[in-house]
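Scroll down for the structure; my scribbles are underneath it.
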Amino acid sequence: DRLPRELAISLGAAETTLMRITAGYATFVNGGKHVQPFLIDRVQDKAGKTIYVRDERACAACAGVAWSGQAEPQLADLREQIIDPRTAYQMVSLLEGVVQRGTGSAVRKAIDKPVAGKTGTTNDYKDAWFVGFSPDLAAGVYVGFDMPASLGEGEAGGGVAAPVFADFMKVALKEEAGIPFRVPSGIRLVRVNAKTGRPAGPGDPNVILEAFKSEDALITGP
């Protein structure tokens, strides 16, 4: 709740929980809308009567209606918008690059569907992380000891936590279509030279797509 005011916080120089960091990543893929983790969704008594439900959205069309093939009721999305949807998508795009070309490449090899995420490794290989998502599912993996100790030389997030994430997502997404990540309006995908970071020319090798906000100016030239 009270992260230290240090520049190194952007590099992960503070502690958090797996649930919190996974919720943060879920916010990126959720279009920048706040995601609140919960452990109990519903409580029913012995007669099946609901005595607690976490989802408090009103749905007048849900009660006492027999289903006969009609469309599902549409519920209002009351979640708070805490990040510009375009900024959130830029983070999704960057994290997709981690899986496609970076330290999370083992995940991409195991799952032939759009996925994104980030590895994490603390000093002396004491903690290994992988937090990631598909367009509709976020998951986090932490590997470490209850009392901090090294996992062993070279035991980093990409080789320890990422395979666990891949094994889980491979099963979780088995019946799901491989839909791409949703791109909000106001984003343009620009061909960029991966080595120089500048807009790619017609014959440039190693070209990637980067997400820019529509009002952002691109720097061209040598």
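The values are calculated or read from the model by the stated rules, or taken from the named source; none is laboratory data. Here the structure is a predicted model, which is why all the values come from computation and not from measurement. Positions of Cβ are backbone-derived with ideal geometry, glycine not excepted, and every protein chain shown enters the neighbour counts. With ligands, DNA and RNA removed, areas are computed over all heavy atoms of the protein, side chains included. Shrake-Rupley method; radii C 1.70, N 1.55, O 1.52, S 1.80 Å.
The string of couplings for segment 16-30 from the Karplus curve (6.51, -1.76, 1.60, θ = phi - 60°) is 8, 9, 4, 5, 5, 6, 5, 5, x, 5, 4, 5, 4, 7, 8 Hz, one whole number per residue in order, with x for Gly and Pro. Here the accessible area is traced with a 1.4 Å probe on the protein chains. For segment 127-219, carbon and sulfur cover 56 percent of it. With unit charges on the beta carbons (Lys and Arg positive, Asp and Glu negative) and the dipole taken about the Cα centre of segment 1-155, which residue among Thr50, Val107, Trp129 sits farthest to the positive side? The one lying farthest along the dipole's positive direction is Thr50.
For segment 9-44, state which chymotrypsin sites (Phe, Trp or Tyr not before Pro) are in a DSSP loop and have at most 11 other beta carbons lying within 10 Å of their beta carbon. The partial results should precede the final answer.
Working: sites: Tyr25, Phe28, Phe38; in loops: Phe38.
Passing sites in segment 9-44 are Phe38.
The Cα atoms of segment 4-44 cover 47, 22, 13 Å along the three principal axes, with the biggest extent listed first.
Rounded to the nearest whole Hz, the Karplus-based 3J(HN,Hα) values (6.51 cos²θ - 1.76 cosθ + 1.60, θ = phi - 60°) of segment 70-84 follow the sequence 6, 5, 5, x, 9, 9, 5, 8, 9, 5, 6, 7, 10, 9, 3, with x at glycine and proline.
Sum up the lysine pairs in the chain that clear both bars: alpha-carbon distance under 29 Å and a spacing of 8 or more or different chains. Within the chain, the lysine pair count is 21. The trypsin sites (Lys or Arg not before Pro) of segment 126-205 that DSSP puts in a loop, and whose beta carbon has at most 12 other beta carbons within 10 Å, are Lys174, Lys195.
Given just the C-alpha atoms of segment 39-130, how large is their convex hull per residue in cubic angstrom?
Details: hull volume 22.0 nm³, N = 92.
Considering the Cα atoms of segment 39-130, their hull volume per residue is 240 Å³.
Semi-axes of the equivalent ellipsoid for segment 7-79, please: Cα gyration tensor eigenvalues, times 5, square-rooted, ordered largest first, whole Å.
Working: eigenvalues 252, 62, 15 Å².
That gives 36, 18, 9 Å for the three semi-axes.
Summing charges over neighbours of Val35, with a neighbour being any other residue whose Cβ is under 11 Å away from its Cβ, gives +2 when K and R count +1 and D and E count -1.
Where the accessible area of segment 1-123 is counted over protein heavy atoms with a 1.4 Å probe, how much of it, in %, is carbon and sulfur? Before the final figure, lay out the partial values.
On the way: 4870 of 8920 Å².
Carbon and sulfur: 55 percent of the exposed surface of segment 1-123.
Computed over protein heavy atoms with a 1.4 Å probe, the accessible surface of segment 150-199 works out to 62 Å² per residue.
Whats the longest run of the chain with zero GluC sites (Glu not before Pro) that are DSSP loop and have at most 13 other Cβ atoms within 10 Å? It runs 81-152.
Across all directions, the average flat footprint of the convex hull enclosing the Cα atoms of the chain is 18.5 nm². The phi-based Karplus calculation (6.51 cos²θ - 1.76 cosθ + 1.60; θ = phi - 60°) puts the 3J(HN,Hα) values of segment 89-102 at 5, 4, 5, 4, 4, 4, 6, 5, x, 4, 6, 6, 9, x Hz, whole numbers, x for Gly and Pro.
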